[in-house]
Structure formats: structure tokens, C-alpha cells
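> Below you will find the structure I want to go over with you.
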Ligand code: SF4
């Protein structure tokens, strides 16, 4: 069961470097300062809004480098979160941090305070891309930090970005392959956006940085999603969560912004899967009927029903989709009389 994540944004606390793309004020939106009162209030509100459906709740400290903060600040936040665990309000704690802020001593402290999950800001496994992005750490730091977190029994997540300075598609694909070898428990992928008040905005204005187009970002991230699906590594986030600030004029200066980015990527994948199966539709069929998990129905149809229209115009037969709770997510089945043909996201080639 996916946990209910209750996020608290630390707004660059613990960051010794300022990454060229980072504007935490925009990413965090108007999140209030993280105090005990604010945490308790947010936990109450999140639990109340979950409508009584039980999901294990986790407090998440994002938006900085948690283990880069002074020890007393870490202890203060973890103390409140641990108290909320003891009171039964939440069941776990997750933090995000930089790979060069991970060592055995700091991980022991996290474990003793109830932290279960460590999400590491990797962004890329290409040292030159990391250098040009102002990260201040190497790919070796990422491998070492991930191995240490896994060895200490933490659920280990890695954050990646698509479209960083100096990154081309080959570099991004090599990063994905490297991360598959690292085998984290989860991955988040964010296409790079050019936010105001960042070094990236200045590079973009000078013409020395070109962001990905939306189509490029979808293509790159589709390949990544397929590679991670094959490796059974869940991609728990694809695209940034929209905040009110992002919708303000002049906040996103350039880049592949879309409020439902993951939906675009998954729609491409489902179209390919359906395309593949359409060859099995008998030439005298009156209709091609696909069965799909209810949660994948919108991906099957694509934005504005585009997938269905494309399939119908290419193959000349009406296409219908039936939501079927018995079908696992990421799977498509085509009913052909008594016969059934199926495919899944794990069978689609990452590079087309
Ligand atoms: S480490 Fe993370 S929070 Fe800190 S500046 Fe870089 S991207 Fe922003």
C-alpha cells in the first residue's frame, strides 16, 4: 500500500551548494516554516482529508539536504516526527538529502529516530553534467551513498533530472542504466524547468542553456520509465508537483512544463502497446476491445482521447476500452472472440 506522504519543505536548509536549477521558493510553494505547531497541524489536516481510508502515513522532509543541517536542527525536527510516530499519528519518516551528506554516523542517527526512507538527490550519474549543474558531488558519491543506505536497511530512493546542462539523451540513458545497476527501491524523475532567480535562468538568457522541448522530455522520460519498469524499480514521481507559484506569470521561464506530465508519458506507452496488439485484430472485426486497469484508462485514451482517434484512423476499426479491476496496472489485453492477447509496460522497448 502506498503511504500517505505528508511533506515539509526545508527550503535549502543544509545545502552547501546552490544547484543551477534550484529555486526552492517555487518548488515548495507557500509552505509555512517547519515548526512543531505547523507539523502537527499539517498531520491533522492530511489525516482528516484521507477520508477515513487507512494508509500508513509518513512525514517527509524535502527541499534541502536534511543530513547537511546542523545536528541540533535535525534532532529538533526528528524529535517532533518521532513523537508523532509514538502517538500513532504517523507510521514513518522519510528524508531527502545530498549524497555527500550521507555517512554511517548520520544514518545511525536517522535510524534511531525512526527514519525509514532516505531519498538521495542524484540528478545524474555523469560527472560532467553534475559539475555543470553546480551539484558539488560526483557519481561515485551517489553510488557510495546509495550502497550505504541499502546496507543499513533504509528504503532508498534516487532523484533524477532530465535536461540538465551538458546532458544529452545518451548521457541521460547512461544515467538510467547506471541507476538500474544501483537498484534503488524507488526513483523520482523531474524534467528540468528554468525557474526565475536561478543560475539556469541566467544561462538560458545568455543562450548557453537550451531546455528540452515537451516532446523531447516525454521521449526521454518514456525510455526511463520503461527501463525502470523492466527492472521493477517503481518511479514514484514523474514531473514536478504543481504549486501556486509555478502558475504565476514569469515563474517558469522555459522548459517542458506540463501539469500532468506523467499522463503524457504513460499515454505514449499505452499507445505503443495498443498499436502492437492492433495487428492481432481480425480483418473482419467490428470493434477492437481492450481491457485495462481502471487507473490506466485515461493513459489508454491519451490526452483528449488522442490515442483512440489515432488507432482508429490508422487501423480503420472502432476502438473501445473496458476498465477491468482484474487487470494489473501497466497491462493491456485485447479480446478477440475466445482468444486474448496481452502485453505490458515491461515488454515495450525503451528505445524506439
Ligand atoms: S541540494 Fe537540492 S535543495 Fe539544495 S540547492 Fe541543490 S537542488 Fe536545491
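The values are calculated or read from the model by the stated rules, or taken from the named source; none is laboratory data. All figures in this text were calculated on a predicted structure; none of them were measured in a lab. Please note: Cβ atoms are built from the backbone with ideal geometry, for glycine as well, and neighbour counts cover all protein chains shown.
> Do we find that residue 121 is outside any helix (DSSP H, G or I) and away from the ligand (no atom under 16 Å from the Cβ) in this structure?
Answer is no for this residue.
> Can you find even one residue in the stretch 141-152 that is farther than 21 Å from residue 19 by Cα and crowded, with 24+ Cβ neighbours inside 10 Å?
Within the stretch 141-152, one or more residues are farther than 21 Å from residue 19 by Cα and crowded, with 24+ Cβ neighbours inside 10 Å.
> Another question, if that's okay. For residues in the stretch 325-340 being within 22 Å of residue 268 (Cβ to Cβ) and not in a strand (DSSP E or B), which is farthest from the chain's Cα centre (by Cα)?
My answer is 327.
> Further, regarding this structure: Out of the residues in the stretch 53-70 that are over 19 Å from the mean Cα position of the chain (by Cα) and either more than 16 Å from the ligand (Cβ to nearest atom) or not assigned by TED's automatic domain parsing to the domain that holds residue 110 (or both), state the one that is nearest to residue 98 (Cα to Cα).
The extreme case among them is 56.
> Starting from the stretch 11-22, keep only residues that are under 13 Å from residue 136 (Cα atoms) and assigned by TED's automatic domain parsing to the domain that holds residue 124, then list their pairs with residues that are near the ligand (Cβ under 6 Å from one of its atoms) and modelled with pLDDT of 90 or more whose Cβ atoms are within a distance under 6 Å, requiring at least 6 positions of separation or different chains.
15/64; 15/65
> Could you go through the stretch 138-151 and let me know if any residue there is more than 27 Å from residue 4 (Cβ to Cβ), assigned by TED's automatic domain parsing to the domain that holds residue 76, within 16 Å of the ligand (Cβ to nearest atom) and over 20 Å from the mean Cα position of the chain (by Cα).
Yes, that holds for at least one residue.
> Same structure, new question: Any chance the stretch 191-202 includes a residue that's touching a strand residue (DSSP E or B) at 6+ places or on another chain (Cβ under 6 Å), away from the ligand (no atom under 16 Å from the Cβ) and closer than 25 Å to residue 223 by Cβ?
No; the residues of the stretch 191-202 include none that is touching a strand residue (DSSP E or B) at 6+ places or on another chain (Cβ under 6 Å), away from the ligand (no atom under 16 Å from the Cβ) and closer than 25 Å to residue 223 by Cβ.
> Exactly one of these conditions fails for residue 7: (1) modelled with pLDDT of 90 or more; (2) over 26 Å from residue 194 (Cβ atoms); (3) away from the ligand (no atom under 13 Å from the Cβ). Give me its number.
Looking at each condition in turn, residue 7 falls short on (2).
> Can you find a residue in the stretch 182-204 that is modelled with pLDDT of 95 or more, assigned to a helix (DSSP H, G or I) and touching a helix residue (DSSP H, G or I) at 6+ places or on another chain (Cβ under 7 Å)?
Yes, there is a match, as at least one residue in the stretch 182-204 is modelled with pLDDT of 95 or more, assigned to a helix (DSSP H, G or I) and touching a helix residue (DSSP H, G or I) at 6+ places or on another chain (Cβ under 7 Å).
> Say whether the condition of being surrounded by fewer than 19 Cβ atoms within 10 Å (Cβ to Cβ), without any contact (Cβ under 8 Å) to a residue 24 or more places away in the chain and either in the same structural domain as residue 19 (by TED's automatic domain parsing) or outside any helix (DSSP H, G or I) (or both) is met by at least one residue in the stretch 155-174.
Yes: one or more hits.
> Out of (1) at pLDDT 95 or above; (2) away from the ligand (no atom under 15 Å from the Cβ); (3) in a helix (DSSP H, G or I), what's the single condition that is false for residue 48?
(1)
> How many residues does the stretch 16-30 hold that are over 21 Å from residue 162 (Cα atoms) and either near the ligand (Cβ under 7 Å from one of its atoms) or in contact with a strand residue (DSSP E or B) (Cβ under 7 Å, 6 or more places away or on another chain) (or both)?
0
> Related question: Sort through 351, 308 and tell me the only one that's touching a helix residue (DSSP H, G or I) at 6+ places or on another chain (Cβ under 7 Å), buried (at least 20 other Cβ atoms within 10 Å of the Cβ) and at pLDDT below 95.
Checking each option against the conditions leaves just 308.
> Report yes if some residue within the stretch 71-81 is crowded, with 17+ Cβ neighbours inside 10 Å, within 16 Å of the ligand (Cβ to nearest atom), assigned to a loop (DSSP other than H, G, I, E, B) and in the same structural domain as residue 197 (by TED's automatic domain parsing); otherwise report no.
Within the stretch 71-81, none of the residues are crowded, with 17+ Cβ neighbours inside 10 Å, within 16 Å of the ligand (Cβ to nearest atom), assigned to a loop (DSSP other than H, G, I, E, B) and in the same structural domain as residue 197 (by TED's automatic domain parsing).
> Please note which helices (runs of 4 or more DSSP H) are completely contained in the stretch 229-324 and include at least 1 residues that are within 20 Å of residue 340 (Cβ to Cβ).
261-278, 297-301, 306-315
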